[in-house]
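Engineer: The following block contains the structure, expressed as structure tokens.
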Amino acid sequence: MSLIVEQWRQARRTLTRTRACMHLLVLYLEAIFVHPGMQGKARAGKVGESDFTLRFWFPHVDFTRLRFFDPIRIILQALWLIFFQQEKQTEQSLREARAAKAAAKKHRRQQLVKASKRWVSGQFNRFATSKATRVINQFGDITGYAWLDTASIRISLTVIAALVVAFTITLPMDANSQAVMLLIFWATALWVRDVQKRGALILMVVLSVLVSSRYLYWRVTQTINWDVPTDTALSLLLLSAEIYAWTILVLGYIQTIWPLKRKVAQLPEDTRQWPSVDIFIPSYNEPLSVVRPTVLAALAMDWPVDKLNIYLLDDGRRSDFAEFAKSVNVGYMVRPDNSHAKAGNLNHALKKTTGDFITIFDCDHIPTRSFLQLSMGWFYADKDLALLQTPHHFFSPDPFEKNLTIFRNKPNEGELFYGLIQDGNDMWNASFFCGSCAVLKRGPLEKVGGIAVETVTEDAHTALKLHRLGYSSAYLNIPQAAGLATESLSAHIGQRIRWARGMAQIFRLDNPLVGRGLNLGQRICYANAMLYFLNGLPRIIFMMAPLAFLLLHSYIVFAPAIMIALYALPHIVHSYLTNSKSQGRYRHSFWAEMYETVLAWYIMRPTLVALFAPKHGKFNVTAKGGQTPTSYFDWEVSKPYIILVLLCLIGFLFGIWRLLTGPSDEYLTVALNLLWVSYNLIILGGAVAVAEESKQVRTSNRVNVERPISVVNATGHSFAAELVDYSDRGAGIRLPLECAVSEGEELHLIMAEGPSMNAFSVTVVSRRGDLVGTLFTSDSHEAQMALMRATFSRADAWVGWRDETVVDRPISSFREVIAIGARGYYRMASNLMPKLQPIFDVIYRMGRGVRSLLPYFPGEKVDNEFLRF
Amino acid sequence: MTASKKSKAATVVGVQNVFGGAGATSIVAGLAVALCAIEHRAIAIDLNRDNSLCLHFGMEPTENQGIISALHNGSALLDITFESRSGYPFIPMGMTSEERHISETAEDDMDKLADLFAPLFAKQERFLIIDLPTEPSALQRWAYRQCDLVLNIVRPEPRLIRGLSRYLVDTAPRQVDAEAHSYLLLNGVAPQVVLQRDSMDFIRGQIADGRLVPLMVNSDQHVPEAFAQRCPVRTYQPKAQAARDFDALALWVVHEVAERSVAIVEDA
């Protein structure tokens, strides 16, 4: 009793009476139900600091500070945990299960005589369980089936499979049978989802393609209303968008079914056999401060000096560039005209140089010193290799990352392409050239007439031409150069418009589906890459489709709502599940919709124009390395989305009205359309959220790292410190408080470079706690090159940039996308009517409160913002 | 190399200056303390006649107990093994009032020394870090024979040219003859000084890669200040870079010794 009194006193020291009461209650409940061993800890623990195990199961509930809605959260979470959430089968849990099983076995043996009946049943259960576990773990292991790999068996299996597939797709069924079949498919997909074997993914792809094809077959054959002309037209419009989406889905599956994941190939031991390499750094209007690090890093590359020639190709004809090139002793080239922009610039240099290989870096892509040593080996391993591409890595946030503050937390827009698609292409010998961070062999390049100039995406077209001549290409997924991402949404859109237009041009002028020299895999990969950029129109159609019914009362899918649900939902669920499994590490579920929606409107027109008049259009240069002095809302960019949002809102209201006044047999149809339009609204909200440009005041982007360095002060005292960020101008360091420094003081930063050490003199510009901001003071090229070698051009500079082991969880991703959508509306509303801000605040917070009620994965990290409600 | 060849169980690491004042004594103190900090049992032993190692561990300069007194008075090893205030063990060289020292020629004294240290050498899982005399002598020869590896300390400064050539021609061969692995360790490195950078380049040009310890001890004012305070750097300023360098050196020594014993087992 005295113990309880003592605990009460302790709790009361920091908490109010009610809170202290709650605190102790939860503490005792926890001790009794969750963790009996906690009693001692609770006695010893300080109030408010106890690390509850309850926190693991209820990550969004702070048991020391219960809030008003927490009871609801607890109930929802408990229900979800009990009925839905399954424990993930990890190595650890398997091991634990095995150990537990062994212990149980021992125990049962001791009980053998006393309860033989129970033993028998236990044995049977164990047998059944172990059988099931083995089946799951061996799933997709094809090593034992090599005997199937003969031509005749392959052909006959394909024929049988084709017949079965055709049968499955076309078999007409009533609602019940359809439901049963899809539930079985769905259960199978969920069953194999966590199996880390290639076969599991292939099975999921097969199921997804089956379900989607069945859906499409049903749509084409049974759901077009031919009686009402407007309905027919709208219906066909939606159907064509769906056929497009199905095509992209299937092509995408084929493209990424088996990523090659190439490793580094060995170069000859004797460096005298290494080839000569010309490095081209084209520039047009970028400032010298952006180009300088690239040139210095190229100079610092580990390659025999007599075999490395660097050329700065300046289409801007600037005198300071010429002077700089001269001072660091690199080649400087200008040409009489700027025809064909970057491609023309490169082709001009190609004619004037003689190196065996050509390496191209965009002027802001800073290569690491190991770039050539890691990438050149494959040209010895494969004599037909004409192109080796490495990923484009960005050390500054792109507009999505910047405006949504997700830099290095979430996979960015480019990660899907460079993390998965290019590796998938590599399997089919179809890796594309991406214009920078790549090595090209001079012979083949000259055979195709240099860099292609017919389209505005010269890179992809050049690769296509090389592939047509039978040369191979390779992709090495190790970031060996890093650059600046586009700085604003409008610049980003501008860049993507160029890509989209270029791809559509190639599709028309040099269609990969026809013509000589390509294998089927290459045709599929190229076709998918090009068709992908035509997604503008279909996406807008999908956004508008539910309005056809809600506003115009047009049945564009002429079928009972229940059948639509039974066909369409499995198609959507399977494609999400399969994509989450194959791409989850590189792009989280639902994010693709947001990325594509932002671009949809803008790429729609240029791609359509390019499809019909491919010779139109000019090259626009992507702006990089600038500042955004204040935050602002880009109304111009978001205008089309705001119109779409308004239309969707009207549709939504109409839907509510129809629900209230319409006939009862339409309820389900209205509900389905309302769901669809709500989803569209969420995604559109995300697109709007990106349009608020957050401010960016630093002219050079800082790269965050954690690296031990030492700091020497003026008195010769040396301290162990940590480098926390750097740019080419300054560094942030974590310095022990024992080292007193003042603003303006000179320090030396000592950084290791292989076995030796480099010192860089810096001036302190700020100190806050143990964090010290500094600016580099050494100006000489030698010092700057040493700085490059110690920072940007370290071989491991971009390794482990983002934790890629985090798996995609569709429910968490959906919550994030909802959050972003809500933020978009909030920002838009408060920008439109600043005076009503307090009201929006309340609505926004209410929305966030509702969202915070959703269940969480046990142990999941929760945004602290939620804990305020 | 370790136990089997030298018929002893403990690991003995010798530390010797390539030229006077290169910092061997500080390294011995720093290394022994760092080894203790990563839970290895390490004892610092001084075989230098100026008897300054003990000052790193806080012994009074007037104290004269140590190996010399043990040899002449016959006291036991335990009597001359001291512990610093923070608990780091060390054995000082000691001094005698009669200005007597270990005879540089008499092998008798070496036998006595061997007897004195025999129980310590027989102990397993011990690191004995010895501050070796710089000049060749019977004592140095005896010590070389006990060492598994010898760290020869060099500072990147102009004096190293002479020191390095003497090391390559004379010292290193003698260490290798005594079956000790001979390494060079750079101490007092200040990369911000141009002359030092040049000196380091010079050393790299002269010395084969395998012979240079792949890490270095930075120049740090904390080291002489700790000495003046008569305490190890780790105690004086735990955040000092020199303390981290000693930690790294300790890890390297442990790794190196483990590698060598594995190699020997495989040979056998």
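Engineer: Starting from residues that are part of a loop (DSSP other than H, G, I, E, B) and of a type in the set (Ser, Thr, Tyr), keep the ones in the range B:40-69 and report whichever is nearest to B:Ala143 (Cα to Cα).
Structural biologist: So the residue we want is B:Ser52.
Engineer: Applying the selection to the range B:202-213, what residues are open to solvent by 50 Å² or more (accessible area, probe 1.4 Å) and either more than 8 Å from chain A (Cβ to nearest Cβ) or modelled with pLDDT of 90 or more (or both)? Walk me through it before giving the result.
Structural biologist: Within the range B:202-213, the subset open to solvent by 50 Å² or more (accessible area, probe 1.4 Å) is B:202, B:204-206, B:208-211.
Passing the criteria: B:Phe202, B:Gly205, B:Gln206, B:Ala208, B:Asp209, B:Gly210, B:Arg211.
Engineer: Report the residue count in the range A:494-519 for those that are crowded, with 18+ Cβ neighbours inside 10 Å and of a type in the set (Val, Ile, Thr).
Structural biologist: Qualifying residue count for the region: 2.
Engineer: Quick one: B:Arg166 ticks every box in (1) buried (at least 16 other Cβ atoms within 10 Å of the Cβ); (2) part of a helix (DSSP H, G or I); (3) more than 14 Å from chain A (Cβ to nearest Cβ) bar one, so which box is it?
Structural biologist: (1)
Engineer: Another question about this same structure. Determine whether A:Ser339 is surrounded by fewer than 14 Cβ atoms within 10 Å (Cβ to Cβ) and over 30 Å from A:Gly199 (Cα atoms).
Structural biologist: So A:Ser339 fits the description; yes.
Engineer: Just to be sure, is A:Tyr244 in contact (Cβ under 8 Å) with a residue 60 or more places away in the chain, aromatic (Phe, Trp, Tyr), in a helix (DSSP H, G or I) and open to solvent by 30 Å² or more (accessible area, probe 1.4 Å)?
Structural biologist: So A:Tyr244 passes the test.
Engineer: To continue, here is another question. Does A:Ala783 satisfy the condition of being at pLDDT below 90 and within 13 Å of another protein chain (Cβ to nearest Cβ)?
Structural biologist: Yes: the conditions hold for A:Ala783.
Here's the yes/no breakdown for (1) basic (Lys, Arg); (2) surrounded by 15 or more Cβ atoms within 10 Å (Cβ to Cβ); (3) in contact (Cβ under 8 Å) with a residue 24 or more places away in the chain:
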residue	(1), (2), (3)
A:Glu636	no, no, yes
A:Leu653	no, no, no
A:Leu674	no, yes, yes
A:Ile682	no, yes, yes
A:Gly686	no, yes, yes
A:Glu706	no, no, no
A:Ala714	no, no, yes
A:His717	no, yes, no
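Condition check ((1) closer than 22 Å to A:Leu569 by Cβ; (2) of a type in the set (A, V, I, L, M, F, W, C); (3) at pLDDT 90 or above) across all residues:
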residue: A:Leu646; (1), (2), (3): no, yes, yes
residue: A:Leu653; (1), (2), (3): no, yes, yes
residue: A:Trp657; (1), (2), (3): no, yes, yes
residue: A:Asp665; (1), (2), (3): yes, no, no
residue: A:Val670; (1), (2), (3): yes, yes, yes
residue: A:Leu674; (1), (2), (3): yes, yes, yes
residue: A:Asn680; (1), (2), (3): yes, no, yes
residue: A:Ile683; (1), (2), (3): yes, yes, yes
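Engineer: In the range A:792-841, how many are under 19 Å from A:Ile642 (Cα atoms) and among the charged types (D, E, K, R)?
Structural biologist: Summing the residues that are under 19 Å from A:Ile642 (Cα atoms) and among the charged types (D, E, K, R) in the range A:792-841 gives 2.
Engineer: Answer yes or no: is there a residue in the range A:549-558 that is open to solvent by 30 Å² or more (accessible area, probe 1.4 Å), of a type outside the set (D, E, K, R) and under 27 Å from the mean Cα position of the chain (by Cα).
Structural biologist: no
Engineer: If you don't mind, another one. Tell me which residues, restricted to the range A:180-197, are assigned to a helix (DSSP H, G or I) and either surrounded by fewer than 18 Cβ atoms within 10 Å (Cβ to Cβ) or among the charged types (D, E, K, R) (or both).
Structural biologist: Within the range A:180-197, A:Val180, A:Leu183, A:Ile184, A:Trp186, A:Ala187, A:Thr188, A:Leu190, A:Trp191 meet the criteria.
Engineer: I'm told B:Ala172 meets every condition in (1) away from every other protein chain (no Cβ under 11 Å); (2) at pLDDT below 90; (3) surrounded by 16 or more Cβ atoms within 10 Å (Cβ to Cβ) except one. Can you identify the failing condition by its number?
Structural biologist: (2)
The rows are residues; the columns are (1) within 14 Å of A:Gln583 (Cβ to Cβ); (2) assigned to a loop (DSSP other than H, G, I, E, B); (3) within 14 Å of the chain's Cα centre (by Cα).
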site: A:Glu401; (1), (2), (3): no, no, yes
site: A:Ile406; (1), (2), (3): no, yes, yes
site: A:Asn409; (1), (2), (3): no, yes, yes
site: A:Glu413; (1), (2), (3): yes, yes, yes
site: A:Leu420; (1), (2), (3): yes, no, yes
site: A:Leu440; (1), (2), (3): no, no, no
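Engineer: When the range A:550-575 is examined, which residues are found to be touching a Lys or Arg at 6+ places or on another chain (Cβ under 9 Å) and either basic (Lys, Arg) or assigned to a helix (DSSP H, G or I) (or both)?
Structural biologist: Correct list: A:Leu550, A:Tyr567, A:Ala568, A:Pro570, A:His571.
Engineer: Considering only residues that are at the interface with chain A (Cβ under 9 Å from one of its Cβ atoms), open to solvent by 50 Å² or more (accessible area, probe 1.4 Å) and not in a loop (DSSP other than H, G, I, E, B), which ones fall in the range B:216-238?
Structural biologist: Residue satisfying the conditions is B:Glu225 alone.
Engineer: Residues B:Asp267, B:Asp247, B:Asp198: which one is modelled with pLDDT under 90 and within 14 Å of chain A (Cβ to nearest Cβ)?
Structural biologist: After ruling out the rest, the residue left standing is B:Asp198.
Yes/no per residue for (1) touching a residue at least 12 places away in the same chain (Cβ under 8 Å); (2) under 16 Å from B:Asn152 (Cα atoms):
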site: B:Asn17; (1), (2): yes, yes
site: B:Ala22; (1), (2): yes, yes
site: B:Thr25; (1), (2): yes, yes
site: B:Val28; (1), (2): yes, yes
site: B:Glu39; (1), (2): no, no
site: B:Asp46; (1), (2): yes, yes
site: B:Arg49; (1), (2): yes, no
site: B:Leu53; (1), (2): yes, no
site: B:His56; (1), (2): yes, no
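Engineer: Sticking with this structure for a sec: Please enumerate the residues belonging to the range A:355-382 that are open to solvent by 10 Å² or more (accessible area, probe 1.4 Å) and either part of a strand (DSSP E or B) or without any contact (Cβ under 8 Å) to a residue 60 or more places away in the chain (or both).
Structural biologist: Matches in the range A:355-382: A:Phe357 only.
Engineer: Could you list, in sequence order, the residues of the range A:442-470 that are part of a loop (DSSP other than H, G, I, E, B) and either surrounded by fewer than 24 Cβ atoms within 10 Å (Cβ to Cβ) or in contact with a Cys (Cβ under 7 Å, 6 or more places away or on another chain) (or both)?
Structural biologist: Listed by number, the residues that qualify are A:Val448, A:Gly449, A:Gly450, A:Val453, A:Glu454, A:Leu469, A:Gly470.
Residue by residue, here is whether (1) open to solvent by 10 Å² or more (accessible area, probe 1.4 Å); (2) over 10 Å from the mean Cα position of the chain (by Cα); (3) of a type outside the set (Lys, Arg) holds:
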| site | (1), (2), (3) |
| --- | --- |
| B:Leu31 | no, no, yes |
| B:Ala42 | no, yes, yes |
| B:Leu47 | no, no, yes |
| B:Glu63 | yes, yes, yes |
| B:Gly74 | yes, yes, yes |
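Engineer: Being closer than 18 Å to A:Glu782 by Cα and either open to solvent by 30 Å² or more (accessible area, probe 1.4 Å) or part of a strand (DSSP E or B) (or both) is the filter here; which residues of the range A:310-330 pass it?
Structural biologist: The answer is A:Ile310, A:Glu323, A:Lys326, A:Ser327, A:Asn329.
Engineer: If you don't mind, another one. Would you check if B:Gln192 is crowded, with 16+ Cβ neighbours inside 10 Å, part of a helix (DSSP H, G or I), polar (S, T, N, Q) and within 11 Å of another protein chain (Cβ to nearest Cβ)?
Structural biologist: Criteria not met by B:Gln192.
Engineer: Among the residues of the range A:710-748 satisfying the criterion of being assigned to a strand (DSSP E or B) and within 9 Å of chain B (Cβ to nearest Cβ), which is nearest to A:Ser396 (Cα to Cα)?
Structural biologist: Among those residues, the one meeting the criterion is A:Ala721.
Engineer: Being touching an Asp or Glu at 6+ places or on another chain (Cβ under 6 Å), at pLDDT below 95 and not in a helix (DSSP H, G or I) is the requirement here; does A:Phe432 meet it? Don't jump to the end; show me each part of the working.
Structural biologist: Numbers: touching an Asp or Glu at 6+ places or on another chain (Cβ under 6 Å): no; at pLDDT below 95: yes; not in a helix (DSSP H, G or I): yes.
The answer is no for A:Phe432.
Engineer: For the range B:13-24, check the following and say yes or no: at least one residue is open to solvent by less than 50 Å² (accessible area, probe 1.4 Å), in a strand (DSSP E or B) and more than 21 Å from B:Ala138 (Cα to Cα).
Structural biologist: The answer is no, given that none of the residues of the range B:13-24 is open to solvent by less than 50 Å² (accessible area, probe 1.4 Å), in a strand (DSSP E or B) and more than 21 Å from B:Ala138 (Cα to Cα).
The values are calculated or read from the model by the stated rules, or taken from the named source; none is laboratory data. Quick caveat, the model's predicted, so the values are computed rather than measured. Please note: Cβ atoms are built from the backbone with ideal geometry, for glycine as well, and neighbour counts cover all protein chains shown. Surface accessibility is based on the protein's heavy atoms, side chains included, excluding ligands, DNA and RNA. Shrake-Rupley method; radii C 1.70, N 1.55, O 1.52, S 1.80 Å.
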